[in-house]
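Colleague: Sharing a structure below in structure tokens format, with a few things to ask.
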Amino acid sequence: MESHTDLLADDEYPARYRLFLSRLREARVRAGLTQVEVASRLGKPQSFVSKCESGERRVDFVELLAFAEVYVVDVGFFKP
């Protein structure tokens, strides 16, 4: 069994976050939405969605719930 420290090892974090970002973009594409459409539904500018998908801006859990609702997916979909 992995220890709790192994779950967030510094050397694995960037790769796991990149996988999360690819799932975030994939969910939008599967939903057939543009960044502009997603931003409108979230009440945010398009740059917010772009920055989240590129990793320029970190996505917090509450925001992830909002993305999941817009994309009609379970939050588990984003798990790398």
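The values are calculated or read from the model by the stated rules, or taken from the named source; none is laboratory data. Treat the numbers as computed from the prediction; the structure is a model and nothing was measured. In this analysis, Cβ positions are derived from the backbone assuming ideal geometry, glycine residues included, and neighbour counts consider all displayed protein chains.
Colleague: Take the conditions surrounded by fewer than 14 Cβ atoms within 10 Å (Cβ to Cβ) and modelled with pLDDT of 95 or more and apply them to V59. Does it pass?
Modeller: Here the answer is no, as V59 does not meet what is asked.
Colleague: Applying the selection to the stretch 52-67, what residues are more than 13 Å from S22 (Cα to Cα) and among the charged types (D, E, K, R)?
Modeller: E56, R57, R58, D60, E63
Colleague: Mind checking which pairs have a first residue in the stretch 17-33 that is without any contact (Cβ under 8 Å) to a residue 60 or more places away in the chain and a second that is assigned to a helix (DSSP H, G or I) and of a type in the set (G, A, S), Cβ under 8 Å, 6 or more apart or different chains?
Modeller: Hits for this filter: L21/S54; A27/A68.
Colleague: While we're here: I need the helices (runs of 4 or more DSSP H) fully contained in the chain, keeping only those with at least 2 residues that are under 10 Å from the mean Cα position of the chain (by Cα).
Modeller: Qualifying helices (runs of 4 or more DSSP H): 13-30, 46-54, 61-71.
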